[in-house]
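J.: One structure follows; several queries about it will come next.
The values are calculated or read from the model by the stated rules, or taken from the named source; none is laboratory data. Keep in mind it's a predicted model, so treat the numbers as computed, not measured. All Cβ positions, even for glycine, are placed from backbone atoms using ideal geometry, and neighbour counts span all protein chains on display.
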Amino acid sequence: MTGRLVTEIVSFRSLHELTSMIETEISYYLSRREEYSEQLGNFLREAEEKYGDEDWFKQLSLDRLGKGGGKQKKKKGGKKKKGKKEGEPEGWVSFKSMLLSSSVQGEAEIMFDAIESVAAKLEELENAKESMDDLKNVGLGNDVEYICFLKDGVVKKIVIKSTEAAEDEKFKFAIGFTAVKDIQSML
């Protein structure tokens, strides 16, 4: 994990610093996607030998690999299994706020889900980086602070604050003198 909170406010003194943070996040997620893809590839090669003829394996491979990696399609007109709750995916058991599975199919599904989630995050980060590149072309100057709202590790909002005005106020020094004369020395 990158150690980022889900939602946070972060300040940057330059667009270069902000862009660098986004590029670090992109690099992290690219390596995670590569790692998960390799893990999934190994898993599918091993599982194909054992489960290659089973319907769930064929359907999983078709839905996730062959047709753009989209979500699995729901079967129409299928019979509802006894004791199964509505909206609960096949092979999964609802436990409080999560789903549990002990099947090979479940293991494959979470690998596909992880890759899809990482790909979506990468797309968001790439869009944020593109926005930063466009913002550089605006030419805001060097005396600007960027106060960023990050949601799920992606910059969603930026407050641009001039640092010149803040520094002027910060270093103003007001002094007043009072002249006191000794009255006895004047007499």
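J.: Considering only segment 142-158, how many residues are crowded, with 17+ Cβ neighbours inside 10 Å and outside any strand (DSSP E or B)?
T.: The qualifying residues number 1.
J.: Looking at (1) under 29 Å from the mean Cα position of the chain (by Cα); (2) at pLDDT below 90; (3) of a type in the set (Gly, Ala, Ser), which is the one condition that is false for Gly78?
T.: (1)
J.: Looking only at segment 131-159, which residues are modelled with pLDDT under 90 and either within 19 Å of Val6 (Cα to Cα) or of a type in the set (D, E, K, R) (or both)?
T.: Within segment 131-159, Asp133, Asp134, Lys136, Asp143, Asp152, Gly153 meet the criteria.
J.: If you take the residues in segment 161-176 that are modelled with pLDDT of 60 or more and loosely packed, with under 13 Cβ neighbours inside 10 Å, which one is nearest to Ala119 (Cα to Cα)? Give the steps one after another, and end with the answer.
T.: Within segment 161-176, the first condition is being modelled with pLDDT of 60 or more, and the residues that meet it are 161-164, 175-176.
Those left that are additionally loosely packed, with under 13 Cβ neighbours inside 10 Å: 164, 175-176.
Values: Glu164: 40, Ile175: 60, Gly176: 63 Å.
Taking the candidates together, the pick is Glu164.
J.: Does Leu122 qualify as being modelled with pLDDT of 90 or more, surrounded by fewer than 12 Cβ atoms within 10 Å (Cβ to Cβ) and out of contact with any Asp or Glu (no Cβ under 6 Å at 6 or more places or on another chain)?
T.: On the way: modelled with pLDDT of 90 or more: yes; surrounded by fewer than 12 Cβ atoms within 10 Å (Cβ to Cβ): no; out of contact with any Asp or Glu (no Cβ under 6 Å at 6 or more places or on another chain): yes.
Here the answer is no, as Leu122 does not meet what is asked.
J.: Could you tell me whether any residue of segment 92-104 is surrounded by 13 or more Cβ atoms within 10 Å (Cβ to Cβ) and assigned to a helix (DSSP H, G or I)?
T.: Yes, some residue in segment 92-104 is surrounded by 13 or more Cβ atoms within 10 Å (Cβ to Cβ) and assigned to a helix (DSSP H, G or I).
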